[in-house]
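Undergrad: Have a look at this one.
The values are calculated or read from the model by the stated rules, or taken from the named source; none is laboratory data. Quick caveat, the model's predicted, so the values are computed rather than measured. Note: ideal-geometry Cβ built from the backbone for every residue, glycine included; neighbour counts use all protein chains shown. Remember, those area values only see protein heavy atoms, side chains included, never the ligands or the DNA or RNA. Shrake-Rupley method; radii C 1.70, N 1.55, O 1.52, S 1.80 Å.
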Amino acid sequence: TMGALKQGLTEEELPDIVRRWRASNRRIVDLWYSLENAAISVMQTGHPVGIKGLIMAREGDYNNGQDFFTITLPNGRKLFYVKPFLSPNRWGNDSIHYWGMDQTTKKWTTMDTYGGKLTENITQAIARDCLAESLIRLHAAGYQTVMHIHDEAVLDIPEADADLDRLCEIMGQPIPWAPGLLTPADGFITSFYKKD
């Protein structure tokens, strides 16, 4: 799915590449399975599970037919998976299924997820929340962000007033809900937007 076949690799080469990557990144693979097992436990028992600073739970408003599998992130924001249920995946293992938007057809459909995808969703959500903290700090310091892209904030400031060291210091400040997380910032001054 990452374009290996388009880069000239053959189908036969892929399993060995996957195996070697997983062998050299065991802690990431362990995280995938830990999150998947916790999520399935929540779906099977209905009891919340705390794992790695997250809380997975089943929530709903049954009077209104609302049903969600939720993941509470370190800052308290939640990810919601709509109308979740367990069903076998293509390998015959229990897997969480939920209603979501198919990005191709733009229609609501049943989707499934697994540990690696949950890890990706959580990681991207926490990265977004870290950037949001920086954007709030920049705004409080009197800076106007005109756009942001992934982990970048773009500000429109007269060059004479641009203090890159100050901006990087603001963006790199510790985040209260993520103690110990280092978020050093880097930047550049340019008269037009470009990727660094």
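Undergrad: Please work out the FRET efficiency for the pair TRP21 and VAL146, using the Cβ-Cβ distance as r and a Förster radius of 41 Å; give the result to the nearest 0.05.
TA: 0.60
Undergrad: Also, I was wondering about something else. Could you order VAL146, VAL82 by accessible surface area, starting with the largest, using a probe radius of 1.4 Å?
TA: Greatest to least solvent exposure: VAL146, VAL82.
Undergrad: With a cut-off of at most 12 other beta carbons within 10 Å, and DSSP calling the residue loop, which chymotrypsin sites (Phe, Trp or Tyr not before Pro) in the stretch 82-135 qualify? Please list them.
TA: Of the chymotrypsin sites (Phe, Trp or Tyr not before Pro), the ones in loops of the stretch 82-135 whose Cβ has at most 12 other Cβ atoms within 10 Å are TRP91.
Undergrad: Search the structure for amide H atoms under 5 Å from the amide H of ASP67, placed 1.01 Å from N in the peptide plane, and list their residues when 5 or more places away or on another chain.
TA: ASP61, LYS83
Undergrad: What longest region of the chain stays clear of trypsin sites (Lys or Arg not before Pro) that DSSP places outside H, G, I, E and B and that have at most 14 other Cβ atoms within 10 Å?
TA: 108-193
Undergrad: Within the chain, how many lysine pairs that are 8 or more places apart, or on different chains, have C-alpha atoms less than 28 Å apart?
TA: Close lysine pairs found across the chain: 16.
Undergrad: To continue, here is another question. Using the Karplus curve 6.51 cos²θ - 1.76 cosθ + 1.60 with θ = phi - 60°, work out ³J(HN,Hα) for each residue of the stretch 17-29 in order, rounded to whole Hz, and write x for Gly and Pro.
TA: Here the 3J(HN,Hα) series is 5, 4, 4, 5, 5, 5, 5, 8, 10, 4, 5, 5, 4 Hz.
Undergrad: In the chain, what percent of the accessible surface is made up of carbon and sulfur (1.4 Å probe, ligands and nucleic acids excluded)?
TA: Answer for the chain is 53 percent, counting heavy atoms of protein chains only.
Undergrad: Express in nm, to one decimal, how much length is gained between ASN37 and HIS139 on full extension, taking 0.36 nm for each residue of separation and deducting their alpha carbon distance.
TA: Full extension from ASN37 to HIS139 adds 32.7 nm.
Undergrad: While we're looking at this one, here's another question. Please work out the Cα convex hull volume for the chain and give it in Å³ per residue.
TA: 194
Undergrad: Can you list the HN-Hα couplings for the stretch 124-135, worked out from phi with the Karplus curve (6.51, -1.76, 1.60; θ = phi - 60°), rounded to whole Hz and with x for Gly and Pro?
TA: Karplus-based 3J(HN,Hα) across the stretch 124-135 equals 5, 5, 5, 4, 4, 5, 5, 4, 4, 4, 5, 5 Hz.
Undergrad: Just from its helices, what would the mean residue ellipticity at 222 nm be for the chain, if runs of 4 or more DSSP H residues each count -39500 (n - 2.57) and the sum is divided by every residue, rounded to the nearest 500 deg cm²/dmol?
TA: Numbers: 4 runs with 65 residues, N = 196.
It lands at -11000 deg cm²/dmol.
Undergrad: If R0 is 30 Å, what FRET efficiency do you get for TRP91 and THR183 from their C-beta distance, rounded to 0.05?
TA: 0.20
Undergrad: Still on this structure, I have one more. On a full-extension model of 0.36 nm per residue, what is the gain between LYS107 and ASN121, subtracting their alpha-carbon distance, rounded to one decimal in nm?
TA: 3.0 nm
Undergrad: Please report the spacing between the Cα centers of the stretch 92-142 and the stretch 153-196 in Å, no decimals.
TA: First find each Cα centre; the distance between them is then 24 Å.
Undergrad: Here's a follow-up. Pop out the ³J(HN,Hα) list for the stretch 181-188 in order, Karplus 6.51 cos²θ - 1.76 cosθ + 1.60 with θ = phi - 60°, rounded to Hz; leave Gly and Pro as x.
TA: Per residue, the Karplus-derived 3J(HN,Hα) values read 6, 8, 10, x, 10, 9, x, 7 Hz.
Undergrad: In whole Å, what is the distance between the alpha-carbon centres of the stretch 55-69 and the stretch 26-49?
TA: 18
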